[in-house]
Structure formats: structure tokens, C-alpha cells
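Engineer: Below is one structure. I have some questions about it.
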Amino acid sequence: ASATKAAAREQVRQRVLVVEDDPSSAMVLRDFCLLALPGWEVEVANSGYDAILRIGLLRPALVLLDLMMPEIDGFKVYERLRALPELSETQVIVLTAATDDAILDRARALHPLALIQKPLRRDDIVPVLQRAAQATRQPVG
């Protein structure tokens, strides 16, 4: 039984969820994930609503989270993610095009693994993804 739990935990660690409402940005982020995280499963949610529905099912080890989305924004998605005890170890990389200090301060207060400003650049994102992958491979406990 413990081997099954360990296998399930390892499977959880090999999945990333990209939460981005802009289709072209979502495609770019997906490609960056495939490049930086070989062997990982990459899923895309195109809205905050979709992300909330899928987070509990997918149990991603890593979430790339756009903050500025219509209806359910990234802040609400983050609150929902952190409300699930089984996802307490999930790493979050926050993405935003915002330049407003109040929004950026609110984003920093989430204590994400990284806060990346748009436009998205490979040299900004790939090293952070690789660091996140290393962090998820650390033994738990």
C-alpha cells in the first residue's frame, strides 16, 4: 500500500497546470514547460473557472498562474489551491502583465516560487521551471 501511495505521490509531482486565458500565451507557456520539464505532463486551463475545476482532479506539482483573467482571477484560483490540504506542496509561478504596484505587491504577498512579468521570455521562464522541477523532487517530510 505504501508503494502505491509513493507511486501516486510521484505521479502528482510530474504534472504542471498552465492557467492562462490568452490562447497564444498559453501555447507559449506549454511549449516552455515541455522544453524545461521533459517527461512532465502539461495541462492547460483557459480560465480561472476551468483551473478551479481541474486543480483538484489533476493535483499538479506546479502551477503557472496568470493573475489577470476575467471572472475568476488568478488570486481566487490561488486561494482555492491553497485551501486544498493535499496540494500544500504545489509550487506556484505567478505570471502577470500588471505594472500597478498594488497588484504586484498583492502578487508578492502570495509568496510564489517566482513572479514573472509579461511579455513572456524563454530566458526568464525556463530556469524557473527547472528550479521548480528540482524542488518537487526533494524528499517530503
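Engineer: Which of the residues spanning region 82-100 are within 10 Å of L65 (Cβ to Cβ) and either of a type in the set (G, A, S) or touching a Pro at 6+ places or on another chain (Cβ under 7 Å) (or both)?
Structural biologist: Passing the criteria: V92, I93, V94.
Engineer: For the list (1) within 22 Å of C33 (Cβ to Cβ); (2) open to solvent by 70 Å² or more (accessible area, probe 1.4 Å), I need the number of the one condition that V92 fails.
Structural biologist: (2)
Engineer: So which of A36, A97, A61, A107 is surrounded by 12 or more Cβ atoms within 10 Å (Cβ to Cβ) and under 12 Å from the mean Cα position of the chain (by Cα)?
Structural biologist: Among A36, A97, A61, A107, only A61 is surrounded by 12 or more Cβ atoms within 10 Å (Cβ to Cβ) and under 12 Å from the mean Cα position of the chain (by Cα).
Engineer: So in region 1-27, with the set limited to residues that are modelled with pLDDT of 95 or more and of a type in the set (V, I, T), which one is surrounded by the fewest Cβ atoms within 10 Å (Cβ to Cβ)?
Structural biologist: V18
Engineer: Turning to a different aspect of this structure: Contact list please: Cβ distance under 8 Å, first residue in region 95-114 and within 18 Å of R131 (Cβ to Cβ), second residue among the charged types (D, E, K, R) and in a loop (DSSP other than H, G, I, E, B), pairs at least six apart or on different chains.
Structural biologist: L95/E20; L95/K118
Engineer: Might you check whether a residue that is crowded, with 19+ Cβ neighbours inside 10 Å, within 23 Å of A109 (Cα to Cα) and of a type in the set (G, A, S) occurs anywhere in region 39-51?
Structural biologist: Scanning region 39-51, I find at least one residue that is crowded, with 19+ Cβ neighbours inside 10 Å, within 23 Å of A109 (Cα to Cα) and of a type in the set (G, A, S), so the answer is yes.
Engineer: Mind telling me which of the residues Q138, Q117, Q130 ends up being open to solvent by 10 Å² or more (accessible area, probe 1.4 Å), modelled with pLDDT under 90 and out of contact with any Lys or Arg (no Cβ under 9 Å at 6 or more places or on another chain)?
Structural biologist: Q138
Engineer: Within region 66-83, is there a residue that is among the charged types (D, E, K, R), surrounded by fewer than 14 Cβ atoms within 10 Å (Cβ to Cβ) and on the phi < 0 side of the Ramachandran plot?
Structural biologist: Yes.
The values are calculated or read from the model by the stated rules, or taken from the named source; none is laboratory data. Just so we're clear, the structure is a prediction, and the values are computed from it rather than from any experiment. Quick reminder, even Gly has a Cβ in these numbers, built from the backbone with ideal geometry, and neighbours come from all protein chains shown. For the accessible areas, the whole protein counts, side chains as well, though only heavy atoms, and no ligand, DNA or RNA atoms are used. Shrake-Rupley method; radii C 1.70, N 1.55, O 1.52, S 1.80 Å.
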